[in-house]
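See structure below.
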Amino acid sequence: MKAVVLVGGEGTRLRPLTETTPKPLIPVMDRRFLDHVLDHLARHGVEEAILSSPYLEETFVPFVAARGDTAPAIEWITETEPLGTGGAILQALDHLATHEPILALNGDILTDLDLTAMLAFHRERGAAVTISLTHVEDARPFGLVPTDDRGRVHEFREKPVDPIPGEVNAGTYILNPAALGGFERGRNLSIEREIFPPVIAQGEPVYGFLSHGYWMDLGTPAKYLQAHFDIFEGRVEGLRYAAPWVHTTATVSLRAHLGRWVAVGEGAAVEEDAQIDDSVLHPGARVGAAARVVGSILGPYSQVGAGATLAGCVLGEGARVAQDAVVEDRKIPG
Ligand code: GTP
């Protein structure tokens, strides 16, 4: 099977990290997030992944080269203007020129969704489109996707005003190319807002595949951190990391204190008497002596000065926090 992985968004909610690194290339432990996504596809027999990004395209070149022969094979196509989730999928479909169902997925979702079972469901139901669904307690940020007894989707509902539970679009789709034939190519289109609703209205068999597995979109700093905590707690099938996790090339002083939910990336350094909790340090980040870091993401080569206190912060690549500074709930560009 072939898959289109959507990796071309600007990731505005994760700025300033995404100013230099696109969201799918941000590390999660020792690998780029996209590595985890592609490995999940490979576990379900996906042979080829089609990717495109109009945003920081050049940063994907070393990533693709480093994957080498690792499955799935990557086919990179050019997307000069942002085509949105729908436009990028249509472009990839035309490139593939296939009549077989393809997988399409957001490249910023950590999930252990059973893609093999989802494909079997798609075939059994004779679906034109199958949308993975996940249950959430508060559907306000998403919009609801109700289904009938057999899983058929008859409508997409707007985002509810009240915090009600329900099933929402989980960002992984199986698509029969023929169902998307009528849409104009080369335009910016949202798959959720501009493609699925008319496809449902045309009477195409659109189904929802409810999954109870792990699901987290890494779109915000809080969710990015939570995904790490969940991995530490063994909640994500196939991902096992010691808590705290320290890359073999990182230097952590024997006199530093690391809480359980901490990831220290490649070549990062933590000096004596520093205390770190519930935080992620990207490659090359440094925390000075006796500094206190909690609930924060330290971007690549960022530095926290000795004695500084940092809480709920996101530091961009190369950002610096002065010695003894006290910084709370801030995004600091590099
Ligand atoms: P925010 O700006 O923080 O909302 O993040 P985002 O830009 O990633 O947008 P969103 O989370 O809605 O995108 C969902 C998925 O689609 C992500 O994996 C994006 O990388 C991807 N995506 C969004 N827009 C485009 C686009 O124009 N082209 C391509 N190829 N992918 C896109």
What is the dipole size for segment 153-215, taken about its Cα centre, with +1 at each Lys and Arg Cβ and -1 at each Asp and Glu Cβ, in debye to the nearest 20? 180
Heavy atoms of residue 229 accessible to a 1.4 Å probe, total area in Å² rounded to 10: 20
Cα centre as origin, Lys/Arg/Asp/Glu Cβ charges: the chain dipole, Debye: 260
What's the Cα-based Rg to Rh of the chain, Rh via Kirkwood? 1.00
Placing +1 on each Lys and Arg Cβ and -1 on each Asp and Glu Cβ in segment 59-176, then taking the dipole about the Cα centre, the residue among 86, 62, 142 whose Cα reaches farthest towards the positive end is 86
Selected from 56, 218, 281 as most flexible by GNM, with the chain as the system and alpha-carbon contacts under 10 Å: 56
So how do 93-101, 167-175 stack up, highest first, on mean other-Cβ count within 10 Å? 167-175, 93-101
Amide H neighbours of residue 330 at under 5 Å, excluding residues fewer than 5 places away on the same chain, with H built from the backbone geometry, are 313, 314
Straight-line reach from residue 331: which lysines have Cα under 18 Å away, leaving out those fewer than 8 places along the same chain? 23, 223
I need the P(r) histogram for segment 1-61: all alpha carbon pairs, bin width 5 Å from 0 out to the longest distance, whole percents. 4, 18, 26, 24, 17, 7, 2, 0
Work out how much length residue 243 to residue 120 would gain on full extension: take 0.36 nm times their residue separation and subtract the Cα-Cα distance, in nm to one decimal. 40.7 nm
Hey, any idea what % of segment 193-285's accessible area is carbon plus sulfur with a 1.4 Å probe? 51
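Using heavy-atom solvent-accessible surface (probe 1.4 Å) with all chains present, what is the largest-first order of 70, 21, 130?
Heavy-atom accessible area, descending, gives 70, 21, 130.
On alpha carbon coordinates alone, what is the Rg over Rh value for segment 2-159, Rh being the Kirkwood radius?
Here the Rg-to-Rh quotient is 0.96.
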Where in segment 289-309 does the label zone of residue 273 land, with the point 7 angstrom along Cα→C-beta and an amide N cut-off under 19 Å? 289-294, 304-309
Please compute the contact order of the chain in relative form: average sequence separation of alpha-carbon pairs under 8 Å and at least six residues apart, divided by the residue count, as a percent. 14
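Once the piece of chain linking residue 13 and residue 140 is laid out straight, how much longer is it, given 0.36 nm per residue of separation minus the C-alpha distance between them?
44.0 nm
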Using +1 on the beta carbon of Lys and Arg, -1 on that of Asp and Glu, and nothing else charged, what's the dipole of segment 230-334 about the Cα centre, debye to 20? 100
What is the sum of charges, Lys and Arg at +1 and Asp and Glu at -1, for the other residues whose Cβ falls under 12 Å from the Cβ of residue 85? -3
Rounded to whole Å², per residue accessible area for segment 179-274 with a 1.4 Å probe reads 48
In square angstrom, rounded to the nearest 10, how much accessible surface does residue 184 have for a 1.4 Å probe? 110
Within segment 220-235, which residues have the backbone N less than 16 Å from the label spot 7 Å out from residue 30 along Cα→beta-carbon, could you tell me? 232
Which number comes out as Rg/Rh for segment 137-242 once both Rg and the Kirkwood Rh are worked out on C-alpha atoms? 1.02
Would you mind calculating the gained length between residue 253 and residue 98 on full extension (0.36 nm times residue separation, minus the Cα-Cα distance), in nm to one decimal? 50.3 nm
How much net charge surrounds residue 305 when only the other residues with a Cβ under 10 Å from the Cβ of residue 305 are counted, with Lys and Arg +1 and Asp and Glu -1? +1
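The values are calculated or read from the model by the stated rules, or taken from the named source; none is laboratory data. Bear in mind that the values here come from a model prediction, so they are computed numbers and not experimental data. Here the Cβ is made from the backbone with ideal geometry for all residues, glycine too, and neighbour counts use every protein chain on show. Side chains are part of the model used for accessible areas, which takes the heavy atoms of the whole protein and leaves out ligands, DNA and RNA. Shrake-Rupley method; radii C 1.70, N 1.55, O 1.52, S 1.80 Å.
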